[in-house]
Structure formats: C-alpha cells, structure tokens
Amino acid sequence: MSTITRLPAVETPSLVLREIELRDSLTFSSFMTQEAYQRHIAVRLASEQEVRAFVTRAVARQGDERRTVFHLAAEEKLSGEAIGDGFLILQRPRTIEIGWGLHPAMWRMGLGTEIGEALLGLAFERLKAENVWCKVMGGNEASARLARRIGLRHLKSHPDYPTAPGHHGLVEFYAMSDSDYFDLSY
C-alpha cells in the first residue's frame, strides 16, 4: 500500500507531468474520446461527461494515503494544456504497472517517450518500485517501440487477454527491474 498522498510534478524537456486537476477535463475530452486514441486502450471514455467523471474520481482520490492508482496529466510547457496522460498502479509489493496516452495530433514528436521516461522515474525513484511493467495491445506498434526505447524488455505475449469489457485480444507485456533502471545511461 502507498503512503504517498501526492506525487511531485516532473519536468521533461517539453512537458510537465503532474497529478490530474479538474481543469484537465476539457482538454482530456479533446483527445480521449477520439477513435485513434481509443484504438489501443482498455478503458474507453465515450463522451465529455465520461471524461469529466473520470477526472473527478481521480482528483477525489488524491490525498488518500491508501490509494494505489496515480493518474497524471502530461502538460505541454508552451501551451500549458494537457496533451497526454499517464498512470501508475501499485500492485504486489513494489511492483508497479505504468501506462501512457497522447493526443493523436502529437504523435511522432517524442512526447510519448518523455511521458514513459518520467513514469519510470516516478515508479523507481519516488515510489521505490522493484519492478515496473506495462501492457501493449496487439497492433500498437508505436507503444511497443516506445516501451523498448525507454528500456522495458518484452516478457511475453498473451493471445487472448481481456482488452476491454467483453473483448479479448493479443497483449504484449514489457517489464524492467530496478537494477536495470539504475543501470540505464542518461
């Protein structure tokens, strides 16, 4: 269980990753409801109201020392708008699942890599994870490349994994240990 009530903001060259705020609802809606964004994620929010409810729930959990899920906004430094998101889910002792998403208009600009690297840093350095993993939906080659680029190693493929309510499909699993993370070059 976590005893951390809030994660610190993390700056990357182009972004600030910070805990979600209520003001993020509208900008999140602008990309989270797009088909291109939803294509390779498990939780699909269909409307601005669903995104607002998700953000409200995430904000309400902040400050709870028992929480095990941290949702972050990736705010572009230049515009001050959230253009992506990330999450950390604390699981077995010292094991954390990470995940990321990015506004489709911002794909292929290196911003997903910045989000992924920041999530690894928070998981290993702030939350003291021993192991970090992520899942990548079948066909999401961009996220698979991103996982490898930030140092995660392919663990296994699961051909019939639950990918969304009522749906199953191919999911690839990637992971990294704390010793691998601290051996990465900067």
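The values are calculated or read from the model by the stated rules, or taken from the named source; none is laboratory data. As the structure is a prediction and not an experimental result, all values here were calculated from the model. Cβ sites come from the backbone with ideal geometry, for glycine too, and all protein chains shown count toward neighbours. Surface accessibility is based on the protein's heavy atoms, side chains included, excluding ligands, DNA and RNA. Shrake-Rupley method; radii C 1.70, N 1.55, O 1.52, S 1.80 Å.
Annotations
- Neighbourhood charge, 13 Å Cβ-Cβ cut-off, centred on residue 182 and excluding it, Lys, Arg +1 and Asp, Glu -1: -4
- Rg over Rh for segment 61-114 works out to 1.06, using Cα positions for both radii and the Kirkwood form for Rh.
- Fraction of accessible area attributable to carbon and sulfur, segment 49-127 (%, probe 1.4 Å): 51
- Calculated on alpha-carbon atoms, Rg and Dmax of segment 50-183 in Å: 15.0, 41
- Relative contact order of the chain, pairs being alpha-carbon contacts under 8 Å that are 6 or more residues apart, as %: 19
- The largest-to-smallest principal axis extents of the Cα set in segment 1-124 are 36, 32, 25 Å.
- Sum of -39500 (n - 2.57) over DSSP H runs of 4+, divided by residues of the chain (222 nm, nearest 500): -8000 deg cm²/dmol
- Couplings 3J(HN,Hα) of segment 179-185, computed from phi: 5, 5, 4, 6, 8, 5, 7 Hz, in residue order, whole Hz [Karplus 6.51 cos²θ - 1.76 cosθ + 1.60, θ = phi - 60°; x for Gly and Pro].
- With a cut-off of 11 Å between beta carbons, the residues surrounding residue 12 carry a summed charge of -4, where Lys and Arg count +1 and Asp and Glu -1.
- Qualifying GluC sites (Glu not before Pro) in segment 102-186, DSSP loop, other Cβ atoms within 10 Å at most 15: 130
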